[in-house]
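Input: a single structure, listed below in structure tokens.
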Amino acid sequence: EDQVTQSPEALRLQEGESSSLNCSYTVSGLRGLFWYRQDPGKGPEFLFTLYSAGEEKEKERLKATLTKKESFLHITAPKPEDSATYLCAVQAVNNAGNMLTFGGGTRLMVKP
Amino acid sequence: DAGVIQSPRHEVTEMGQEVTLRCKPISGHNSLFWYRQTMMRGLELLIYFNNNVPIDDSGMPEDRFSAKMPNASFSTLKIQPSEPRDSAVYFCASTLGLNTDTQYFGPGTRLTVL
């Protein structure tokens, strides 16, 4: 069974204080690892897809990296508007389709 | 471009009543997913359609839940009868249907069963 564990569950940062969010996964074969951002009262918003170990992707203050067992979402010099819940999900090669297994999320709060 | 559209955005009902949630996927997308999100269990996949055909409904909690996709532009998730433990946010997502394609989520329906 595919499993995704995110840590920490919650993270409080001061504006400008860089940090990383962790996503550990167990899957029979990884087709893709996805990062989403979710704001309160809204649906998850797509950020990145990573396909193979060693791959990195960046978007503004966010950078996602992937190894064979985990992914990190690095946040550089965060701003209050980066406050949200960040969700990680995996898609396995043995899936019949595009099904995703989600982790529990990390709730990020950035104080000004 | 219009994203995934869900209605209603909020639903409050009493235990035992029938509830119908609606979803319009992004035009041209061939796959549609229904999820449920709670604090305790996070985001769980309920059912997945490809080309309007249900592919995997193993996440549907019990017979009280049913989902249909009569055409490429519309899907419903029905709960009958509803129970307080069904209270959650229900999301619909769609993709083009290709492997590894990104899922785009709607704004969700917050369901409260009293």
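The values are calculated or read from the model by the stated rules, or taken from the named source; none is laboratory data. Note that the structure is a prediction, hence the values are computed from the model and not measured. Backbone-built Cβ (ideal geometry, glycine too); neighbour counts: all protein chains shown.
How about segment A:43-59: which of its residues are surrounded by 15 or more Cβ atoms within 10 Å (Cβ to Cβ) and in a loop (DSSP other than H, G, I, E, B)?
Matches in segment A:43-59: A:43, A:44, A:55.
What about residue A:4, is it in contact (Cβ under 8 Å) with a residue 60 or more places away in the chain, within 11 Å of another protein chain (Cβ to nearest Cβ) and either on the phi > 0 side of the Ramachandran plot or not small (Gly, Ala, Ser) (or both)? Steps first, answer last, please.
Values: in contact (Cβ under 8 Å) with a residue 60 or more places away in the chain: yes; within 11 Å of another protein chain (Cβ to nearest Cβ): yes; either on the phi > 0 side of the Ramachandran plot or not small (Gly, Ala, Ser) (or both): yes.
Taking the combined requirement at face value, the residue satisfies it.
Inspect segment A:20-35 for any residue being among the aliphatic types (A, V, I, L, M), closer than 23 Å to residue B:58 by Cα and more than 11 Å from chain B (Cβ to nearest Cβ) and give the result as yes or no.
Quick first cut of segment A:20-35, residues among the aliphatic types (A, V, I, L, M) only: A:21, A:27, A:30, A:33.
Cutting the leftovers down to closer than 23 Å to residue B:58 by Cα gives us A:27, A:30, A:33.
Checking the rest, the ones that are also more than 11 Å from chain B (Cβ to nearest Cβ) come to A:27.
Yes, there is a match, as at least one residue in segment A:20-35 is among the aliphatic types (A, V, I, L, M), closer than 23 Å to residue B:58 by Cα and more than 11 Å from chain B (Cβ to nearest Cβ).
Please go through segment A:64-112 and give me each residue that is assigned to a strand (DSSP E or B) and polar (S, T, N, Q), ordered by number. Lay out the reasoning, then the answer.
Initial filter on segment A:64-112 (assigned to a strand (DSSP E or B)): A:64-66, A:70-75, A:84-92, A:101-102, A:106-111.
Matches in segment A:64-112: A:65, A:71, A:85, A:91, A:101, A:106.
Quick one: in segment B:24-45, of everything that is in contact (Cβ under 8 Å) with a residue 40 or more places away in the chain and more than 15 Å from residue A:44 (Cβ to Cβ), which residue is farthest from the other protein chains (Cβ to nearest Cβ)? Can you show your working first?
Within segment B:24-45, the subset in contact (Cβ under 8 Å) with a residue 40 or more places away in the chain is B:24-38, B:43.
Still in the list and also more than 15 Å from residue A:44 (Cβ to Cβ): B:24-25, B:27-32.
Details: B:24: 14, B:25: 13, B:27: 18, B:28: 15, B:29: 11, B:30: 10, B:31: 6, B:32: 10 Å.
Across segment B:24-45, the extreme among qualifying residues is B:27.
What pairs come up if the first residue lies in segment B:1-20 and is closer than 21 Å to residue B:94 by Cα, the second is among the basic types (Lys, Arg), and their beta carbons are under 6 Å apart, counting only those six or more places apart or on different chains?
Short answer, once both residue conditions are applied: B:5/B:24; B:7/B:22; B:10/B:110; B:20/B:78.
Somewhere in segment A:7-26, is a residue at pLDDT below 95 and either farther than 17 Å from residue A:104 by Cα or of a type in the set (A, V, I, L, M, F, W, C) (or both)?
Scanning segment A:7-26, I find no residue that is at pLDDT below 95 and either farther than 17 Å from residue A:104 by Cα or of a type in the set (A, V, I, L, M, F, W, C) (or both), so the answer is no.
Tell me the residue from B:107, B:54, B:70, B:61 that is farther than 25 Å from residue A:92 by Cα and either more than 8 Å from chain A (Cβ to nearest Cβ) or not in a loop (DSSP other than H, G, I, E, B) (or both), please. Even if it seems obvious, please write down each step before you answer.
On the way: B:107 fails: either more than 8 Å from chain A (Cβ to nearest Cβ) or not in a loop (DSSP other than H, G, I, E, B) (or both); B:54 fails: farther than 25 Å from residue A:92 by Cα; B:61 fails: farther than 25 Å from residue A:92 by Cα.
Being farther than 25 Å from residue A:92 by Cα and either more than 8 Å from chain A (Cβ to nearest Cβ) or not in a loop (DSSP other than H, G, I, E, B) (or both) holds for just one of B:107, B:54, B:70, B:61, which is B:70.
Quickly run through segment A:67-88 and pick out the residues that are more than 17 Å from residue A:53 (Cβ to Cβ) and either among the hydroxyl-bearing types (Ser, Thr, Tyr) or at the interface with another protein chain (Cβ under 9 Å from one of its Cβ atoms) (or both).
Pass one, segment A:67-88, residues more than 17 Å from residue A:53 (Cβ to Cβ): A:75-87.
Answer for segment A:67-88, where residues must be more than 17 Å from residue A:53 (Cβ to Cβ) and either among the hydroxyl-bearing types (Ser, Thr, Tyr) or at the interface with another protein chain (Cβ under 9 Å from one of its Cβ atoms) (or both): A:76, A:83, A:85, A:86, A:87.
Kindly indicate the residue of segment B:84-103 that is closer than 21 Å to residue B:11 by Cβ and exposed (fewer than 14 other Cβ atoms within 10 Å of the Cβ) and also farthest from the other protein chains (Cβ to nearest Cβ) among those meeting that condition.
B:84
Go through (1) more than 14 Å from chain A (Cβ to nearest Cβ); (2) outside any loop (DSSP other than H, G, I, E, B); (3) surrounded by fewer than 20 Cβ atoms within 10 Å (Cβ to Cβ) for residue B:77 and report which single condition fails.
(3)
Could you check segment B:12-29 and list, in sequence order, the residues that are in a strand (DSSP E or B) and within 14 Å of the chain's Cα centre (by Cα)?
Narrowing segment B:12-29 to residues in a strand (DSSP E or B): B:12-13, B:19-24.
Within segment B:12-29, B:19, B:20, B:21, B:22, B:23, B:24 qualify.
Quick one: in segment A:60-112, of everything that is surrounded by fewer than 18 Cβ atoms within 10 Å (Cβ to Cβ) and touching a helix residue (DSSP H, G or I) at 6+ places or on another chain (Cβ under 8 Å), which residue is nearest to residue B:44 (Cα to Cα)?
Across segment A:60-112, the extreme among qualifying residues is A:61.
Before we move on, is residue B:111 touching a strand residue (DSSP E or B) at 6+ places or on another chain (Cβ under 9 Å), in contact (Cβ under 8 Å) with a residue 60 or more places away in the chain, among the hydrophobic types (A, V, I, L, M, F, W, C) and surrounded by fewer than 17 Cβ atoms within 10 Å (Cβ to Cβ)? Give the derivation first.
On the way: touching a strand residue (DSSP E or B) at 6+ places or on another chain (Cβ under 9 Å): yes; in contact (Cβ under 8 Å) with a residue 60 or more places away in the chain: yes; among the hydrophobic types (A, V, I, L, M, F, W, C): yes; surrounded by fewer than 17 Cβ atoms within 10 Å (Cβ to Cβ): no.
Answer is no for this residue.
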